[in-house]
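Read through the structure below, which is laid out as structure tokens, and then see the notes.
Derivation of every value follows stated rules applied to the coordinates shown; laboratory data play no part. Everything numeric here is computed off the predicted structure, so don't read it as measured data. Heads up, the Cβs are rebuilt from the backbone with ideal geometry, glycines too, and the neighbour counts pull from every protein chain shown.
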Amino acid sequence: MKPLAEVYKKSEFSSKEFYESDYGPLLESMGWTILLKVDDKDCQGDSRILFRDGNRYGFLIFGWGSCSGCDSLQACDTFEEAEQLRNRLVHDTEWYDSKENCLRRINTKDWELDYSWHAEETKEFIAKAKALLSK
């Protein structure tokens, strides 16, 4: 993983202060290839990401908001807090040892019990992930 101070460069802040709302650099700092990313099209919602790390494939779904009261990244005041958030997202990523096993999980997961099932973007993510993993 890359240090967050390298991916979030802000000259107007000291090296200890942190204020960001863009999850892109945080996700890229994990060092995994992002194969697919589907975000809700609103000021708050969820992101769904399909990763590849060598022969492993995994996916992550997490929520975000529009202010520091409802968004974990915007609530971070220091790089240490942002790294703790990244560690939680790393921990929450479901990994599978092959493309086939990840596809099997996506096909057999009871998505209707998932909190994000109501969003069309979740259905879009599932369809696109199945197509990518079936190749």
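For this structure, a couple of remarks:
- Flag for GLU81 being more than 22 Å from SER29 (Cα to Cα) and out of contact with any Leu (no Cβ under 6 Å at 6 or more places or on another chain): no
- Subset of region 98-135 that is surrounded by 13 or more Cβ atoms within 10 Å (Cβ to Cβ) and of a type in the set (Phe, Trp, Tyr) - its residue that is farthest from MET1 (Cα to Cα): TRP111
- Taking the criterion of being surrounded by 13 or more Cβ atoms within 10 Å (Cβ to Cβ) and among the small types (Gly, Ala, Ser), the residues of region 49-97 that qualify are GLY58, GLY63, GLY65, SER66, SER68, SER72, ALA75, ALA82.
- Residues in region 78-130 that are farther than 19 Å from TRP32 by Cα, of a type in the set (Asp, Glu) and within 18 Å of the chain's Cα centre (by Cα): 5 in all.
- Some residue of region 26-48 being touching a strand residue (DSSP E or B) at 6+ places or on another chain (Cβ under 8 Å), in a loop (DSSP other than H, G, I, E, B), surrounded by 12 or more Cβ atoms within 10 Å (Cβ to Cβ) and small (Gly, Ala, Ser): no
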